[in-house]
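*Asks:* Have a look at this one.
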Amino acid sequence: MPSPSPDVRERVLAHPAWYHTLELAPDLVTPGFCDLRPFAPEALPASTAGLRCLDVGTFDGFWAFELERRGAASVHTLDLPDGTQADWPPNTRALNLADTEASGLQWGTGFLLAHEALGSSVQRVLGTVYELEQAWTDGPVDLVLCGTILQHLRDPVGALERMVDVLAPGGELLMIEAYSVPLTRRHPRRAVAEYRPIVPGSRYTWWLGNLATLRGYAATVGLEPIGDGRPVTHRPLRGAGKGDHVARLRFRKPAA
């Protein structure tokens, strides 16, 4: 891991809002809202050597940099150009945008700082997942990481269709998404979800489903579970709703 220059260190420390906790050097760790470092060893393959990867909804880039660290041949990331294109519920959109503007945060600046500090070769692509196509990733990829974005989308199945379109036949989709533990316990096999835009305090989420919902999304777009289909789960993220956990599920696009 290269040692960032004093100028980069100063800019990292001055950055107004880090979402991801990123270890940019042994003595330089961003104060992120979301620390996924304990989850990464279980969520990701030990090696991505030779794989062409895509991280969808990268924001500060935690998953993209982890894929690169594990030896990926190439990593593309997909992110929005700015918050005005975020697929937020209409009843909270104005408040969300106002908060973003008040924070002084410019969309993507955290990723660019981390990219510079790490000396990374990850390629950032700007656009909405609903328009994702293979030209954006210079051809099909071997692995798509879908990281906690489906809950924030009006059309999660449409988004997954676009991700499947950029996967090579036989390629893998790593779904790392939030799910409801209470709904999973009450409905272990039936796909059930809670509609969140009208829940007090919920500003960024459309639907929060059980594990069967996540598996149902994947089955609907033609993906097949890998192995026994059992998830790897993670403790609730700071600020998550009561009973909301994160799970990693693995799926494969059928070979041609």
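*Asks:* So which residues in region 121-136 are β-branched (Val, Ile, Thr) and surrounded by 21 or more Cβ atoms within 10 Å (Cβ to Cβ), if there are any at all?
*Replies:* Across region 121-136, the qualifying residues are VAL122, VAL129.
*Asks:* Out of ARG230, ARG189, ARG203, ARG215, I need the residue that is in contact with a Ser or Thr (Cβ under 6 Å, 6 or more places away or on another chain), open to solvent by 30 Å² or more (accessible area, probe 1.4 Å) and basic (Lys, Arg). Which one?
*Replies:* Criteria check complete, one pass: ARG203.
*Asks:* Please indicate, with yes or no, whether at least one residue in region 60-76 is open to solvent by 60 Å² or more (accessible area, probe 1.4 Å) and in a helix (DSSP H, G or I).
*Replies:* Yes.
*Asks:* Moving to a separate point now. Restricting region 81-120 to residues that are among the charged types (D, E, K, R) and assigned to a loop (DSSP other than H, G, I, E, B), which is most open to solvent (accessible area, probe 1.4 Å)?
*Replies:* Only one residue fits best here, namely ASP82.
*Asks:* Another question, if that's okay. Is one or more of the residues making up region 156-167 open to solvent by 20 Å² or more (accessible area, probe 1.4 Å) and in a loop (DSSP other than H, G, I, E, B)?
*Replies:* Looking through region 156-167, none of the residues is open to solvent by 20 Å² or more (accessible area, probe 1.4 Å) and in a loop (DSSP other than H, G, I, E, B).
*Asks:* Can you tell me which of (1) touching a residue at least 12 places away in the same chain (Cβ under 8 Å); (2) surrounded by 15 or more Cβ atoms within 10 Å (Cβ to Cβ); (3) within 25 Å of ARG235 (Cα to Cα) is the one PRO31 doesn't meet?
*Replies:* PRO31 satisfies all of (1) touching a residue at least 12 places away in the same chain (Cβ under 8 Å); (2) surrounded by 15 or more Cβ atoms within 10 Å (Cβ to Cβ); (3) within 25 Å of ARG235 (Cα to Cα) except (2).
*Asks:* Restricting attention to region 168-196, and to residues there that are assigned to a strand (DSSP E or B) and free of Cβ contacts under 8 Å to residues at least 24 places away in the same chain, which single residue is nearest to VAL144 (Cα to Cα)? Reasoning before the result, please.
*Replies:* At the first step, the residues of region 168-196 found to be assigned to a strand (DSSP E or B) are 168-180, 193-195.
Checking which are free of Cβ contacts under 8 Å to residues at least 24 places away in the same chain leaves us with 193-195.
Numbers: ALA193: 24, GLU194: 26, TYR195: 26 Å.
Only one residue tops the list, namely ALA193.
Residues are listed down the side, and each one gets a yes or a no for (1) among the basic types (Lys, Arg); (2) assigned to a loop (DSSP other than H, G, I, E, B); (3) under 13 Å from ILE176 (Cα atoms); (4) in contact with a helix residue (DSSP H, G or I) (Cβ under 6 Å, 6 or more places away or on another chain):
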position: ILE198; (1), (2), (3), (4): no, yes, no, no
position: GLY201; (1), (2), (3), (4): no, yes, no, no
position: ALA218; (1), (2), (3), (4): no, no, yes, no
position: GLY229; (1), (2), (3), (4): no, yes, no, no
position: LYS242; (1), (2), (3), (4): yes, yes, no, no
position: ARG250; (1), (2), (3), (4): yes, no, yes, no
position: ALA255; (1), (2), (3), (4): no, yes, no, no
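*Asks:* Can you say whether LEU126 is touching a helix residue (DSSP H, G or I) at 6+ places or on another chain (Cβ under 7 Å), hydrophobic (A, V, I, L, M, F, W, C) and more than 24 Å from SER3 (Cβ to Cβ), as far as the supplied structure shows? Full working, then the answer.
*Replies:* Details: touching a helix residue (DSSP H, G or I) at 6+ places or on another chain (Cβ under 7 Å): no; hydrophobic (A, V, I, L, M, F, W, C): yes; more than 24 Å from SER3 (Cβ to Cβ): yes.
Considered against the rule, which asks whether it is touching a helix residue (DSSP H, G or I) at 6+ places or on another chain (Cβ under 7 Å), hydrophobic (A, V, I, L, M, F, W, C) and more than 24 Å from SER3 (Cβ to Cβ), LEU126 comes out as no.
The values are calculated or read from the model by the stated rules, or taken from the named source; none is laboratory data. Worth saying up front: this structure is predicted, and the values here are computed from it rather than measured. Glycine gets a Cβ as well: all are built from the backbone with ideal geometry, and neighbour counts include every protein chain shown. Surface accessibility is based on the protein's heavy atoms, side chains included, excluding ligands, DNA and RNA. Shrake-Rupley method; radii C 1.70, N 1.55, O 1.52, S 1.80 Å.
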